[in-house]
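Let me begin by presenting the structure, written as structure tokens, before commenting on it.
The values are calculated or read from the model by the stated rules, or taken from the named source; none is laboratory data. Since we're looking at a predicted model, the values are computed, not measured. So basically every Cβ, Gly included, is an ideal-geometry build from the backbone, and we count neighbours across all protein chains shown.
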Amino acid sequence: MTGFMDLYSERDTFLHRLDPRVKLLAVVTISALAFILSEIWSLLLLLAFILLLMALTGSSFRKAFFALKFVIRFMVLITVLWPLFDRSGTPVLFSIGPLDITEPAVWRGATSAVRVGCFATVWYILMFTTSQRDLVRGLTKLGLRFDYGLALAISFRFIPTFGLTIESIKDAQRARALELDRGSLWRRSKNYVTVLVPTVVTALRTAHMLSLTLQSRAYGAVRERTYLREVRMGPRDYVAAAVALLVFLLPAVAMYHFGVQL
Amino acid sequence: MSTEVPKEGEERPKILGSGDAEFISPETVALFAVLTALTAAITLMTVIPFPPTRGYFNLGEAMVFFSALTFGWRAGAICGGVGSAIADLLGGWGMFAPTTLLAKGTEGFVSGVIGRMNGGKPLAYVAGIVCGGACMVTIYFLSEWLFLGFGLGPAIAEIPTNIAQVTIGGTVGSLLSYSVKLAMPSLGK
């Protein structure tokens, strides 16, 4: 099974208790900061800060490793490929055939690799500490209409179910001598159709049942919704939101108003 | 038993099923939720191990095209975009989620609009898939190059993978749409 890992883990750190809206804001501001920074040292500092936050989420080593494996693969790819396409600047470090590898290009490659590392890791802070329920709740608080929020919450709930459906149909078709692991990519994909058709038909039947269930539970009966779990901004959340904004604003003002190279 | 008819100008009780268009209908909520979940699940589960593409190759594309071609552009844009973005979030590559939302959403929208022209003839299917796929590849390329700052090289290196994914996803998606319509004739009307 090439399945996925539930990134969220139930803990009681201050990051878990934060309002999901604040965490979304922090993801946006930190990404924006990574976007405007241009010096490798400040980007490394930012990456270290994000990794510190990631350590504070108290997630298991296995999850952190899963996350970082992906990020590091990307960073290496960028560091290696960048100088091959960017041949400006001097001095030339060495040449491979017609390609000149120049020193500024290598630095630029490393810088963007670190920047991409920041973009990638900042999402793990959100995903490690926010349950799917809170995420949807945060989005509805931000103005997503509740019917779309409901659809989103239902779909989160059904992803593992359909994952299991796919697995069992795959096994059933394998028992009928379907080959999914051999042959060319094209052949494998075409063989997958025999798995996907039953899956989709099953899912659409589920959708039919689901709509009956929604109707029987008085979906949309009243215009004003009440919620079992209310998300409220406490003083701590306002402080965290202010910090998240300052993390972006201070370097931005320093760069664009005072002309500091960061 | 007498049913009270609300008088002119009187506020009607807000109950669904009385022609109140305040909410999207429960059928739509259920269908969109299921299609979104299916897109995400298939994206996460059917990663076809294939060495040259570092294992990113998946059939999620097929579900985007399937939703768009079977249920129209709205389903394609919402379910394709949101489902693929959720798969990115859960799969652990959250930095692609905004790009994916835009790219796959546009893909679903375009292939839904073009692919269902002329009553969904095969030619329209092909045109829809080609145009939608072109949008997706372009948006991914531009976003990786300019916004995420991958640089030109890695962004170009992604293009062949994406094109292969669209080609295979489009074929599988249209086959799916055709077979599922055969299995459930009441669909997509």
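Just one of the listed residues (A:A113, A:A120, A:A64) is farther than 26 Å from A:T13 by Cβ, part of a helix (DSSP H, G or I) and of a type outside the set (F, W, Y), namely A:A113. In the stretch A:246-262, the residues that are among the aromatic types (F, W, Y) reach residues that are surrounded by fewer than 16 Cβ atoms within 10 Å (Cβ to Cβ) with C-beta atoms within less than 6 angstrom, at least six apart or across chains, in these pairs: A:F248/A:A32.
The residues of the stretch B:123-145 that are in contact with a Phe, Trp or Tyr (Cβ under 9 Å, 6 or more places away or on another chain) and of a type outside the set (G, A, S), listed by number, are B:Y125, B:I129, B:C135, B:Y140, B:E144. Among the numbered conditions (1) free of Cβ contacts under 8 Å to residues at least 24 places away in the same chain; (2) out of contact with any helix residue (DSSP H, G or I) (no Cβ under 7 Å at 6 or more places or on another chain), the only one that A:Y192 does not meet is (2).
Is it the case, given these coordinates, that A:R133 is basic (K, R) and within 24 Å of A:A207 (Cα to Cα)? The answer is yes for A:R133. Of all residues in the stretch A:2-42, exactly one satisfies the criterion of being within 17 Å of the chain's Cα centre (by Cα), away from chain B (no Cβ under 14 Å) and basic (K, R), namely A:R21. If you filter the stretch A:111-130 down to residues that are under 17 Å from B:A155 (Cβ atoms) and hydrophobic (A, V, I, L, M, F, W, C), you find that the one that is nearest to the chain's Cα centre (by Cα) is A:A120.
Restricting to the stretch A:168-189, name every residue that is part of a helix (DSSP H, G or I) and either surrounded by 17 or more Cβ atoms within 10 Å (Cβ to Cβ) or at the interface with chain B (Cβ under 7 Å from one of its Cβ atoms) (or both).
If the condition is that a residue be part of a helix (DSSP H, G or I) and either surrounded by 17 or more Cβ atoms within 10 Å (Cβ to Cβ) or at the interface with chain B (Cβ under 7 Å from one of its Cβ atoms) (or both), then A:I169, A:K170, A:Q173, A:L185, A:W186, A:R188, A:S189 are the ones that fit.
Condition test on B:T161, is it more than 27 Å from A:R133 (Cα to Cα), of a type in the set (S, T, Y), modelled with pLDDT of 90 or more and surrounded by fewer than 19 Cβ atoms within 10 Å (Cβ to Cβ)? The answer is no for B:T161.
Mind listing whichever residues of the stretch A:170-193 are of a type in the set (D, E) and farther than 24 Å from B:N162 by Cα? First the steps, then the outcome.
Kept after step one, since they are of a type in the set (D, E), are these residues of the stretch A:170-193: A:171, A:179, A:181.
A:D171, A:E179 - these are the residues of the stretch A:170-193 that are of a type in the set (D, E) and farther than 24 Å from B:N162 by Cα.
For the stretch A:60-89, a residue qualifies if it is of a type in the set (A, V, I, L, M, F, W, C), touching a helix residue (DSSP H, G or I) at 6+ places or on another chain (Cβ under 8 Å) and facing another protein chain (nearest Cβ under 8 Å), and the qualifying residues are A:A67, A:F70, A:L77, A:I78, A:L81, A:W82, A:L84, A:F85.
Taken together, the criteria exclude A:A207 from residues that are in contact with a helix residue (DSSP H, G or I) (Cβ under 6 Å, 6 or more places away or on another chain), over 30 Å from B:A183 (Cα atoms) and surrounded by 15 or more Cβ atoms within 10 Å (Cβ to Cβ). From the list A:D147, A:D171, the one residue that fits, being out of contact with any Lys or Arg (no Cβ under 8 Å at 6 or more places or on another chain), of a type in the set (D, E) and free of Cβ contacts under 8 Å to residues at least 60 places away in the same chain, is A:D171.
When A:R232, A:R236 are screened for being within 28 Å of the chain's Cα centre (by Cα), in contact (Cβ under 8 Å) with a residue 60 or more places away in the chain, outside any loop (DSSP other than H, G, I, E, B) and surrounded by fewer than 17 Cβ atoms within 10 Å (Cβ to Cβ), only A:R236 passes.
So, B:V110, is that one of a type in the set (V, I, T), under 26 Å from A:T130 (Cβ atoms), modelled with pLDDT of 90 or more and crowded, with 19+ Cβ neighbours inside 10 Å or not? When the stated conditions are applied, B:V110 does not pass them. Against the test of being at the interface with another protein chain (Cβ under 7 Å from one of its Cβ atoms) and modelled with pLDDT under 90, the options A:V201, A:V222, A:V197 yield a single qualifying residue, A:V222. Here B:E144 passes the criteria (1) at the interface with chain A (Cβ under 8 Å from one of its Cβ atoms); (2) at negative phi; (3) surrounded by 22 or more Cβ atoms within 10 Å (Cβ to Cβ) except the one numbered (1).
Of the residues B:T99, B:T138, the single one that is closer than 22 Å to B:I42 by Cα and over 13 Å from the mean Cα position of the chain (by Cα) is B:T99.
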